[in-house]
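> Once you've had a glance at the structure underneath, I'll fire off some questions.
The values are calculated or read from the model by the stated rules, or taken from the named source; none is laboratory data. As the structure is a computational prediction, the values presented were derived from the model and not from experiment. Every residue, glycine as well, gets a Cβ built from its backbone with ideal geometry; the counts of neighbours run over all protein chains shown.
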Amino acid sequence: MNSRLLRLLALLFAFSLIAAACADDSDGDGAADDAPAATAADDGDDMADDDMADDSDDDMADDSDDMTDDDMADDSDDMTDDDMADDSDDMTAIDRTGEVIKIGYVNNEGAAFALPEFRTGGEVAIQFINDNGGINGAMIETELCLSDGTPESAINCANQLIEADVVLAYMGIEVASEAAINLWVEAGIPYISSHAWGVTEQNSPGAVLMHSAAGAYAVGPAKTFADLGIDHIAVILEDTPAGNAFMDATSNPIMAHHGIEWEGILVDPAAPDWTAAIATAQAAGVDGVWGQLTEPGCIGMVGAAAASGYDKPVFAGSCSFFIPILGPAAIGAYTQSDVFFPSTAEFAPPEIQAQIAEYVDLMTAAGYEDHIEGFAVAPYSAWRAMEIILERIEGPITAESVLHAFKNAGETPGWFGPNHRCGEAPWPAESSACKSEIAVWQIAERDDGTIGRVLVGDGFIDAFAFSGF
């Protein structure tokens, strides 16, 4: 665990905010009350018996008189074998047998910074897709480029894969994406990932981000504190330009919408003093603390709050590692996520339970048991949803047709959580994002004596509806 945490220290705040939402190394519980989809029964309720009675026997008799044998014969003559063949062709499934869909896959796995989970989850999903007929018969061929998290490496991967003529670029995780995003866009190759690793792709016409927008993760804490009746909090931040920019542009207006005033407490990410940060919050007289931090930062903050006897609500951003590491000291803290995980699968809708069980089996068979409760959930769930969108392409699969399919996908089933709405900009200020949902959890001791997450409220909410934007 220590080596894993050291690797995670390399994540800047803006990146860890979103990536942490895709990781869960805890044994949490939760339930979601996702609104059911409209059914045919809804339309049936609108069709009353009286309405059907309007089509009376008299009306049918009139129609019968008007329809002569000659008329029926004419209609029969009009429907030729060719017409029926055309209709049959329209209903035939697309067959791409023998085709290859070449995709580029970039992931940070360098000496100083490596998160292979963002690769293994995607590889397992792609292998499953290929083993089960591919994309309407076409096999996905992966061109892998491992980046070390530096701008130079991100640019090198972009140039290499553009030269390989891939039809889409999937970023497992690329924290230096800002250096290369414009290369992908200028080449006309769709840039796709689970989350945003930089600012530009949040609104790039060439980017698609399958999971929830970054702004959704500011709504979770703001709404939670407001629901608790708290209007004065401390926000503890690792002092980075990205972190401060996020607070100014996104979090400030969202907290103001919920009537919350806040005191900023900055810590040195290289040498953080969490005890001093909690003491500063107590001295400010706040009624709650929100830590917008990396995973190691959440461990330090929540641990320091427990050690100091701080008994006000603490919201640990989108973190999860603190739960198994701190154990009882984590009880009472809040966190958030945009999907279900295997540890909370029994509380998900039945279809998502089945999909999570399948994921666990596939990851185990591939030898990636250690990745099941971690970041691998993000690329796996993204690729299984992407499979559905790619299968809708009717003509040749090209970079242009792939981007068009994603930008016009509409509502697509969410694999491990709420549905995707790619192209509909559910969070308008981040038009590349396909979701705006978030769920808030509180850490508690469960009935079986274990410590894990318990769902707060009614399940996933559309965070944009509570943003004030």
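> For residue 401, only one of the following conditions fails: (1) surrounded by fewer than 24 Cβ atoms within 10 Å (Cβ to Cβ); (2) under 11 Å from the mean Cα position of the chain (by Cα); (3) among the hydroxyl-bearing types (Ser, Thr, Tyr). What is its number?
Exception for residue 401: condition (2).
> Testing residue 431 on (1) modelled with pLDDT of 95 or more; (2) of a type in the set (S, T, N, Q); (3) more than 15 Å from the chain's Cα centre (by Cα), one condition comes back false. Which one is that?
(3)
> Condition first: crowded, with 22+ Cβ neighbours inside 10 Å, under 18 Å from residue 466 (Cβ atoms) and in contact with an Asp or Glu (Cβ under 9 Å, 6 or more places away or on another chain). Now tell me which residues in the range 236-259 satisfy that.
Within the range 236-259, just 255 meets the criteria.
> In the range 177-200, how many are under 15 Å from residue 147 (Cβ atoms), buried (at least 24 other Cβ atoms within 10 Å of the Cβ) and in contact with a helix residue (DSSP H, G or I) (Cβ under 7 Å, 6 or more places away or on another chain)?
The qualifying residues number 6.
> Still on this model: Return yes or no: is residue 191 within 19 Å of residue 466 (Cα to Cα) and hydroxyl-bearing (Ser, Thr, Tyr)?
In short, no.
> Quick check: is even one residue across the range 155-176 buried (at least 18 other Cβ atoms within 10 Å of the Cβ), of a type in the set (S, T, N, Q), out of contact with any His (no Cβ under 7 Å at 6 or more places or on another chain) and touching a residue at least 24 places away in the same chain (Cβ under 8 Å)?
no
> Here's something else I'd like to know. Could you pull out the residue among 276, 304 that is crowded, with 17+ Cβ neighbours inside 10 Å and of a type in the set (A, V, I, L, M)?
It is 304.
> Something else now. Is it true that some residue in the range 116-130 is over 20 Å from the mean Cα position of the chain (by Cα) and either of a type in the set (A, V, I, L, M) or not assigned by TED's automatic domain parsing to the domain that holds residue 361 (or both)?
No, the conditions are met nowhere in the range 116-130.
> So which residues in the range 262-301 are under 21 Å from residue 219 (Cβ atoms) and assigned to a helix (DSSP H, G or I), if there are any at all?
295, 297, 298, 301
> Among the residues of the range 394-403, is there at least one that is on the phi > 0 side of the Ramachandran plot and modelled with pLDDT of 95 or more?
no
> Within the range 175-226, track down each residue that is aliphatic (A, V, I, L, M) and assigned to a strand (DSSP E or B).
192, 207, 208, 209, 210
> Another one. Do the conditions hold for residue 254, that is, is it within 23 Å of residue 438 (Cβ to Cβ) and outside any helix (DSSP H, G or I)?
Values: within 23 Å of residue 438 (Cβ to Cβ): yes; outside any helix (DSSP H, G or I): no.
Against the criterion (within 23 Å of residue 438 (Cβ to Cβ) and outside any helix (DSSP H, G or I)), residue 254 does not qualify.
> Under 8 Å by Cβ, and 6 or more places apart or on different chains, what pairs join a residue from the range 177-198 that is under 11 Å from residue 399 (Cβ atoms) with one that is crowded, with 24+ Cβ neighbours inside 10 Å and acidic (Asp, Glu)?
Between residues of the range 177-198 that are under 11 Å from residue 399 (Cβ atoms) and residues that are crowded, with 24+ Cβ neighbours inside 10 Å and acidic (Asp, Glu), the close pairs are 191/201.
> Here is a follow-up. Quick one: residue 236 ticks every box in (1) in a helix (DSSP H, G or I); (2) farther than 23 Å from residue 198 by Cβ bar one, so which box is it?
With (1) in a helix (DSSP H, G or I); (2) farther than 23 Å from residue 198 by Cβ applied to residue 236, the lone miss is (1).
> Looking only at the range 309-367, how many residues end up being on the phi > 0 side of the Ramachandran plot and surrounded by fewer than 20 Cβ atoms within 10 Å (Cβ to Cβ)? Before you say what the answer is, go through the steps one by one.
We begin by selecting, within the range 309-367, every residue on the phi > 0 side of the Ramachandran plot; these are 309, 317, 327, 332, 367.
Checking which are surrounded by fewer than 20 Cβ atoms within 10 Å (Cβ to Cβ) leaves us with 309, 327, 332, 367.
Final tally of qualifying residues: 4.
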